[in-house]
Each structure stands twice: as C-alpha cells, then as structure tokens.
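Only the coordinates and a few stated rules stand behind these numbers; no lab work does. Predicted, not measured: the structure shown is a model, and the values here were computed from it. Using ideal geometry, Cβ is built from the backbone for each residue, glycine included, and neighbour counts are taken over all protein chains shown.
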Amino acid sequence: MKYRWMQDDDEPQGGARWLTTYADMVTLILCFFVLLFSMSIVEMDKFKAAMSSLQGALGILEGSTTPPALPPSNDIFEPGDLQAQLLAQEMQMMRAMAAEFEQELAGMGLSEKVTVELEERGIVFRLADTVLFDIGKDELRPEAREVLLKVGELLSDLDNPIRVEGHTDNWPISTPRFPSNWELSTGRATSVVRFLIEEAGMDPKQLQAAGYGEYHPIADNDTPEGRQSNRRVDVIILRPSLSLAEPQ
C-alpha cells in the first residue's frame, strides 16, 4: 500500500486549519464581554441584603423610623446610579436619626442649648460657646457638664466616628496660651473630647478633635449676633459610608 504525504498546500480533511484558531479566539472574546457585562450591573438582591445590614447597624434608638422598602429585587441599577441610590438611602436613615435626637434633646430640656442639623457629612450637634466656655477660654464652664453628659448619653450607643470641631469668630486673640484663634478653637475641641472620654465614658478611638479657627463661619462676623453664632463647638456623627475613609 502506498501513502501520499500531505503537502503544505493541501487542505486537511474537516476544514481549514486556521478555522480552529479563529473559533477559539471568538469564544474567548465572547467570554470576555460576558464577564464585563456581569461586572457592570448590580443585582438588587445583593444590594438589598447589604442595605439591610446597614439599617441594622444604624437602628440605635427605640421607636426609630424604618426607611421605606427598597425597590423590587428584579430591578437593577447602573454603577453610576448605585452610588446615588446608596447616598439617598443613607441620608434618609440619617434624617430619621436626626429627628429622634431632636426629640430626645427636647425631652431633656436642651433644645435651646443644642441644635441638631443634617448635613451631607452627617448629623451635627451644634453647641454655642456661651453654653460651654467663657470668652477667650477653653476650660469648660460648670453648666457645661450637664449638657455634655446628656449629649454623651445620646452618642454612647453609636459605632460611627464622632468629630468634635472648635470654631471662633474673627476677633484676633494673642495670649501666652492662645497665640491665635487656631489654638483657641483646637483647645476647645480637645476639652470637649476629653470630657466625653473621662466623664461620659465614650471610646477614645471613636473621637476626633479639630480646630478651624475663624475660617468656617456660619454667620456674618460684622454683627455681635453673627460673631456669637460663629463661636461654637460642633459634634458631628459621620455617616457610615463617609466614615469608611477614617483611620481605623
């Protein structure tokens, strides 16, 4: 029996040899695009489970308002929309918390001494300097003790980082202890943090102190009333997603 050797220009039985390589390449490209598509959408089942866990972490007050139900699980969001959805849901829960805090402070008789505001960074407890300090000093007044103890009581069950910010008006100060408003604002924030740790029993790892001097006013410094509003201490409960960027 004679055998005929295949020459280079002969076609193998079953089709051209390049067709196998081409089919493999097309299959790999198809798998690649399927993978990209699967990463570009978020299933609402997983999204709902994550938000339920977040709701449980924030449900700290008795009688707190439960946020509205999430969209049906068969809905999906594009990545850009997901971030907006998370922020909206988170701010809704923070708004409910702020309303609870306002009610608690009113029940404690502190509505005129502590105001509650909701900002994008979180819930702000705003205390005027007349409640806490004498002018130009960072030692807490005796009357401040009761106010801060009650504020600490409201904050004690939270896991969120708490930032204490000191602010002043634009009147210059120059003393051996406070060469400028930077030192005064930072000293006041530190005094509040120290009290919350030593007297209110809060976790030191949870607290931060920051001084902003005169550079973040909330009113006009040209009037006595405006300057008094600017002399304040803000205690901020950072919202959960923002607090992820804080040092652990």
- Task: Convert each backbone phi in segment 168-184 into a coupling constant with the Karplus relation 6.51 cos²θ - 1.76 cosθ + 1.60 (shift: θ = phi - 60°), then list the ³J(HN,Hα) values in order as whole Hz, x for Gly and Pro.
- Result: 10, 8, 9, 5, x, 9, 8, 10, x, 7, 10, x, 7, 5, 4, 5, 5
- Quick one: which residues, 5+ away or cross-chain, put their amide H under 5 Å from the amide H of Phe133? H built at 1.01 Å from N. Arg141
- Quick one: net charge around Val131, please, counting Lys, Arg +1 and Asp, Glu -1 for every other residue with C-beta under 13 Å from its C-beta. +2
- Go through segment 202-218 residue by residue and turn each phi into a ³J(HN,Hα) via Karplus (6.51, -1.76, 1.60, θ = phi - 60°); whole Hz please, and just put x for glycine and proline. 7, 6, x, 5, 8, 9, 9, 10, 9, x, 10, x, 9, 9, 10, x, 10
- Item | Neighbourhood net charge (10 Å Cβ-Cβ; Lys/Arg +1, Asp/Glu -1) for Glu214 | +1
- Message: Cβ neighbours within 10 Å, averaged per peptide: list 20-30, 171-181, 104-114 in order, most packed at the top.
- Response: 104-114, 171-181, 20-30
- Message: Below 11 angstrom from the Cβ of Thr115, what's the summed charge of the other residues (Lys, Arg +1; Asp, Glu -1)?
- Response: -1
- Query: For segment 78-243, max minus min Cα coordinate along each principal axis, in Å, sorted largest first?
  - Reply: 56, 32, 29
